[in-house]
Structures are given as structure tokens and as C-alpha cells.
Amino acid sequence: MDLGISGRRAAVAAASRGLGFATAAALAGEGVHVAICGRDGRTIAEAARTIGLDTVGLVADVSTANGSRGFVESARDALGGLDILVTNAGGPPPGTFSSTGVDRYLAALELNCLSVIAMCDAAVPAMREQQWGRVVAITSIAVRQPIPELILSNTARAGATGFLKTLAREIAGDGVTVNSLQPGIHDTERVRQLGTDTRGIPAGSMGRPEDFGAIAAFVCSQHAQFLTGTAIHIDGGAYAGLL
């Protein structure tokens, strides 16, 4: 299927590996001009070479609002404009209510909530002006079903989801869609670090990052122009709720 986005320009945050990398690779495979970022210059350069297709690798730290805005601005300069924004960032450290001090929430909120807001603030006005844009946020299934011992991530990503839903409704008439993807357990470095247990996944295995990337690319497509304000869980059936 031709997704109708060949020649579009995309910024994909935190894409040196994992789901960000898979999303960037899927978009590049559809003919999208892609800029990706990571904190380590050598790692992000290697990721850009691996994706190929003139992918631009940028050094940026999206754990802060300023770093997130800087990435979008650099991507726009490198690509000559921006049509697609994929927000993404690593997760904060694990912890429970009892083990997590109040002072640790601020960094988590900046990493997984304010970074999303800052990237949108930098990218969306121009999308509205050109009457076409796609914002896709990679969040977590924890927004629907909080994950034990990840209280910082559960809290910050829920806030980002509220922002994204509000933004989607505000700008839907401007040709700009805003959606979030909520991955469950996928075969990524972070998941392996946290430990994996596939017993609760009806599909019987971890998800493949490349399959996640294909879904993300479709949400960015021309065919998905009427899809906005959604939060799509991609988890092999693990989430048991009806809504």
C-alpha cells in the first residue's frame, strides 16, 4: 500500500534504537525524508547510516524541554520544513510510591510530558499554517493500565496523553492529526533491562519493533487523515479493558 507520504519530512525523537529507530526506518522506507536524534553522536550517526536513504542524524537531548525544542528546530532546518513529528523519549527509573521521593517527579515530568509539549510547540504552528501535519507520540500501555514499580512513567505519560487529546481536538480542522501509540512489551533494550515476562500476552511473545514502526508509519499516512485524538495500544492483546 502506498501511504501517500513520499517526499514528506519527519522528525523522529530518540531514534538511535528501539521503537524510535523502527519508526524512523519505516517512514524512510515510505520515501519520507527523516531526521533522527540521540544523545551520543557516534550512536546516532550509525543509526542514520543503517537506515540510509539520506537520513539525518542529530545530537540532541530530549530529556529537557529546551533540548526537545532544539531538536525540532534543528530537524526543520536540516529538512527545509517539517510535516511529521514523532515524539519519543526513554523512560524514567523504576520505583514505587514508597521508594520515590517527590523531588524525583520533576525530571520525569520533563522527560515524558514537557518534552512532548515542547516538541509540539515547536512543530505544530507551521503544520497548521501549511494545513497538513502528523503528530504521533510514542508513550506506553501504562497510560491505560499502570505498570507496577513504574510510578514515574505512569504519572508523566498520563499527563502527556491528556495534552495530546486536547491538542488533537483544537487543531483537527487545520489538517493536522495528533495520535499516540501505547506499546506493550516489545523486544527493545529498555524492556530487556527491566526484565521480560510474556505470560500475560495473549499473542505469546514480545512485539517486534519493525511491526510497531509499520503501524506508526500508517498513522502518519494520507489514509489516516480522519484518525485523530486516538491512543492506540499495541500490545499483543495484553490490555484486558474494554475501553
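The range 103-215 holds helices (runs of 4 or more DSSP H) entirely within its bounds, and those carrying 1 or more residues that are closer than 24 Å to residue 227 by Cα map to 115-130, 151-171. The sole residue among 224, 203 that is at pLDDT below 95, surrounded by fewer than 20 Cβ atoms within 10 Å (Cβ to Cβ) and either of a type outside the set (Val, Ile, Thr) or touching a strand residue (DSSP E or B) at 6+ places or on another chain (Cβ under 9 Å) (or both) is 203. Filter the range 42-56 for residues that are touching a helix residue (DSSP H, G or I) at 6+ places or on another chain (Cβ under 6 Å) and in a loop (DSSP other than H, G, I, E, B); which is farthest from residue 111 (Cα to Cα)? Step by step, filter the range 42-56, then rank; the result is 53.
Every residue, every condition in (1) closer than 22 Å to residue 213 by Cβ; (2) under 16 Å from the mean Cα position of the chain (by Cα), yes or no:
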position	(1), (2)
38	yes, yes
44	yes, no
51	yes, no
56	yes, no
61	no, yes
90	yes, yes
93	no, no
103	no, no
115	yes, yes
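Conditions (1) in contact with a helix residue (DSSP H, G or I) (Cβ under 9 Å, 6 or more places away or on another chain); (2) closer than 18 Å to residue 14 by Cβ, marked per residue:
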{"site": "129", "(1), (2)": "yes, no"}
{"site": "136", "(1), (2)": "yes, yes"}
{"site": "161", "(1), (2)": "yes, yes"}
{"site": "185", "(1), (2)": "yes, no"}
{"site": "206", "(1), (2)": "yes, no"}
{"site": "210", "(1), (2)": "yes, yes"}
{"site": "221", "(1), (2)": "no, no"}
{"site": "238", "(1), (2)": "yes, no"}
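Residue 82 meets the conditions (1) over 28 Å from residue 192 (Cβ atoms); (2) over 17 Å from the mean Cα position of the chain (by Cα); (3) in a loop (DSSP other than H, G, I, E, B); (4) modelled with pLDDT of 95 or more in every case but one. The failed one is (2). Of the residues in the range 29-41, none is buried (at least 23 other Cβ atoms within 10 Å of the Cβ) and assigned to a helix (DSSP H, G or I).
The values are calculated or read from the model by the stated rules, or taken from the named source; none is laboratory data. Since the model is a prediction, treat every value here as computed from it, not as a measurement. Methodologically, a virtual Cβ is constructed for each residue, glycine included, from the backbone with ideal geometry; neighbour enumeration extends over all protein chains shown.
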